[in-house]
Amino acid sequence: MTALMKLRYIATAAIAVFGILAGAAQADELADIKAAGEINIGIFSDFPPFSSASADMSIKGYDVDVAQKIADGLGVKLNLVSVTGQNRIAYLNDDRVDLLMSVGYSKERAEVIDFAAPYAPYYIAVIGPAALKVSGKEDLADKTVAVNRGTLEDTSLTAVAPGSAAIQRFENYNSVIQAFISGQTQLMVVGNDVGAQVLARQDELKPEQKFQLLSSPSHIALRKGEEGLKKVVNDSVAAMIADGSLDASSKSWLKASLNTENLKD
């Protein structure tokens, strides 16, 4: 055997061993969760209606419903871990959590983490009273609209609103909601997380979603290479869609039926 052949043999063997070790590591990640009998899932602790403290101080919400379904599918205990927007990617890659809820997809994030199938609708919507007929951007003409200044809602609204629309910009969501509820504006533009809180509480006004300006569904994030765990997550989401439990969670927490079109990137 020549020296070059020996080098090629060694390189081929090394690649094969690396592949075996990588496959074992992937299998071990899922096996470790099952062996431990628990899964750690990172959530925002104050992100209603996706996750927030209830009257008994336990964390409840749309994300919690889905996280519990994943844990049940694995046959393990669910541990919810509070994370922030600043630390959650580090928590995931440092193995402090196994999964992250409510992560928007981006090419930059995809370089350092992996994404399971989208499971939660997130979109920006125009909301108004049922009595006011608005079905598209053209109907914003001559209407007063409240929006949070400098946000994605603001830029999305500004891009499509007719020149005669009176956009009133406020410094926070509470002010946007108050302007709408008090009748200072006829409409408001917010994300469906904020909108769900208004839809749930204003029986007299009977607010409803008129139309969407932008959709960007939330994913469940996991570390790269965890194909076994990713399949479990995807299967759990698919099962929730098939058996109607995800629609039930949407109605309960987001105050709207689940439209699977909103689960497309």
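The values are calculated or read from the model by the stated rules, or taken from the named source; none is laboratory data. The structure displayed is predicted, hence computed values, not measured ones. Because the Cβ atoms are built from the backbone with ideal geometry, glycine has one as well, and the counts that use them run over all protein chains shown. Calculation scope for accessible area: heavy atoms of the full protein, side chains included, ligands and nucleic acids excluded. Shrake-Rupley method; radii C 1.70, N 1.55, O 1.52, S 1.80 Å.
A few points about this structure:
- In the range 36-51, the residues that are touching a helix residue (DSSP H, G or I) at 6+ places or on another chain (Cβ under 9 Å) and open to solvent by 20 Å² or more (accessible area, probe 1.4 Å): GLU38, ASN40, PHE44, PHE47, PRO48
- Residue tally, condition part of a helix (DSSP H, G or I), touching a Leu at 6+ places or on another chain (Cβ under 8 Å) and over 25 Å from TYR123 (Cβ atoms), over the range 224-256: 3
- In the range 198-214 there is at least one residue matching the filter, namely being farther than 16 Å from VAL126 by Cβ and either buried (at least 18 other Cβ atoms within 10 Å of the Cβ) or in contact (Cβ under 8 Å) with a residue 24 or more places away in the chain (or both).
- Qualifying residues in the range 215-260 (those that are farther than 27 Å from VAL97 by Cβ and touching a residue at least 24 places away in the same chain (Cβ under 8 Å)) - the one most open to solvent (accessible area, probe 1.4 Å): LYS255
- Counting residues in the range 53-65 that are at positive phi, surrounded by fewer than 22 Cβ atoms within 10 Å (Cβ to Cβ) and among the hydrophobic types (A, V, I, L, M, F, W, C) gives one or more.
- Candidates in the range 121-173 are the residues that are assigned to a strand (DSSP E or B), open to solvent by less than 60 Å² (accessible area, probe 1.4 Å) and free of Cβ contacts under 8 Å to residues at least 40 places away in the same chain; of these, the one that is nearest to VAL103 (Cα to Cα) is PHE170.
- Within the range 50-65, being in a strand (DSSP E or B) and either closer than 20 Å to PRO118 by Cβ or of a type outside the set (A, V, I, L, M) (or both) holds for SER51, SER52, LYS60.
- Checked against (1) among the acidic types (Asp, Glu); (2) in contact with a strand residue (DSSP E or B) (Cβ under 8 Å, 6 or more places away or on another chain); (3) at pLDDT 90 or above, ASP265 passes all but condition (3).
- Flag for TYR122 being in contact with a Pro (Cβ under 7 Å, 6 or more places away or on another chain) and within 26 Å of THR155 (Cβ to Cβ): yes
- In the range 66-89, the residues that are among the β-branched types (Val, Ile, Thr) and either part of a helix (DSSP H, G or I) or open to solvent by 30 Å² or more (accessible area, probe 1.4 Å) (or both): VAL66, ILE70, VAL81, THR84, ILE89
- Any hit, the range 179-193, residues being within 20 Å of the chain's Cα centre (by Cα), among the hydrophobic types (A, V, I, L, M, F, W, C), outside any helix (DSSP H, G or I) and over 14 Å from TYR62 (Cα atoms): yes
- Any hit, the range 99-111, residues being open to solvent by 50 Å² or more (accessible area, probe 1.4 Å), out of contact with any strand residue (DSSP E or B) (no Cβ under 6 Å at 6 or more places or on another chain), part of a strand (DSSP E or B) and not small (Gly, Ala, Ser): no
- Subset of the range 175-197 (residues that are in contact with a Lys or Arg (Cβ under 6 Å, 6 or more places away or on another chain) and modelled with pLDDT under 95): ALA196
Yes/no per residue for (1) modelled with pLDDT under 95; (2) touching a helix residue (DSSP H, G or I) at 6+ places or on another chain (Cβ under 6 Å):
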{"site": "PHE115", "(1), (2)": "no, no"}
{"site": "PRO121", "(1), (2)": "yes, yes"}
{"site": "VAL126", "(1), (2)": "no, no"}
{"site": "ALA141", "(1), (2)": "no, no"}
{"site": "ARG149", "(1), (2)": "yes, no"}
{"site": "SER156", "(1), (2)": "yes, no"}
